Amino acid sequence: MFKNLIGGFMENIDIDFGQTVSSGAVSMLVAGAILVLSVLIVAIIITAKRWKGRAIPLLLGLLSYVIFGFMFSQMFMSIIRLIPSVDMSFTYNSSSYIVVYNIVFAVGLAIARWFTVKLMADKYNRAGDVILAGTGIALGDAVMMYGLSVLSYYVYAQAISASGLQKVVEDMLSSGLSAEEVMTEYTANMAQLFNAPEPLWFIMGLATVLDIVLNIILCIVVYGSVKKQINYMLPYYAIIIQFVSNILFQVYNPYSLANTIILFTIKLVVVIGTILYTKQFIMKEIKYSDD
């Protein structure tokens, strides 16, 4: 009876069960994840050794990201979706949801940076402390926005390679998901494993590395503003930069390598431009403690 029920569901799912995940896609996926993890580890070690960064700012940055970057944005979007007209707009226009969410997320990260710096400003004033505070925010961002997605893709890839796509779909149906929910999950995640160009998975890792660097740079900017050493308006400009950088890989076409490369290039220009401007006009104005 139960098998017959699953069989009936399977007939309503328009999926080619002969698809397999290429070894190249899995290799690029793993390579991107290793790159991100390596950058985070190296950044923490070098900052702790070279600039005497301490662990507390790192933990403060991570905690602030969880509270203000992740939880704040999720709760805010859930609350405004209680408004029927807003929920309907998001349902029928996913682009509007992406734009609003990224605005809220950028504001949440700005609050996280401000909160972290305010808590550490009186005691943790070394250059390394500020860098590690930004690294803590970047760590949370990398785990929640990149790491969990990569883990999901990797688990799907391993399961499909081991048992086949049909068995994976049958297991999803057995767990209680409807045919519509399975199709939504397939379209959103599994289909990319089969159809996206292999370099996409490594480019996603590179984009996350840029996010790590940007989070550190913007934390330095907020520190300078909180210490009243630079223009107080600069953290507000940082929100705009954060929004532009984030949304590029929210609206990309995962099945077009050209589109992905173009958006990655724009993101690269935004991050490099921010680094150069900060180094030229901001960093020399910021004073740190040597104790």
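The values are calculated or read from the model by the stated rules, or taken from the named source; none is laboratory data. The structure displayed is predicted, hence computed values, not measured ones. Note: ideal-geometry Cβ built from the backbone for every residue, glycine included; neighbour counts use all protein chains shown.
Tabulated results
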{"read-out": "Residues of the range 267-291 that turn out to be assigned to a loop (DSSP other than H, G, I, E, B), within 30 Å of F249 (Cβ to Cβ) and of a type in the set (F, W, Y), as a count", "value": "0"}
{"read-out": "Enumerated helices (runs of 4 or more DSSP H) restricted to the range 134-205, each holding at least 1 residues that are within 30 Å of A43 (Cα to Cα)", "value": "148-163"}
{"read-out": "Residue list for the range 155-182, restricted to those being within 17 Å of Q19 (Cβ to Cβ) and of a type outside the set (A, V, I, L, M)", "value": "Y156, Q158, S161, S163, G164, Q166, K167, E170, D171"}
{"read-out": "Pairs with Cβ under 6 Å, 6+ apart, first in the range 173-201 and surrounded by fewer than 20 Cβ atoms within 10 Å (Cβ to Cβ), second of a type in the set (A, V, I, L, M) and at pLDDT 85 or above", "value": "P197/L257; E198/A25; E198/M28"}
{"read-out": "Pairs where the first residue, in the range 114-133, is among the basic types (K, R) and the second is assigned to a helix (DSSP H, G or I) and surrounded by fewer than 21 Cβ atoms within 10 Å (Cβ to Cβ), C-beta under 9 Å, 6+ apart", "value": "K118/V226; K123/I56"}
{"read-out": "Candidates Y232, Y288 - the one that is farther than 20 Å from A33 by Cα and touching a residue at least 24 places away in the same chain (Cβ under 8 Å)", "value": "Y288"}
{"read-out": "Selection count, the range 249-262, where residues are surrounded by fewer than 19 Cβ atoms within 10 Å (Cβ to Cβ), in a helix (DSSP H, G or I) and in contact (Cβ under 8 Å) with a residue 12 or more places away in the chain", "value": "2"}
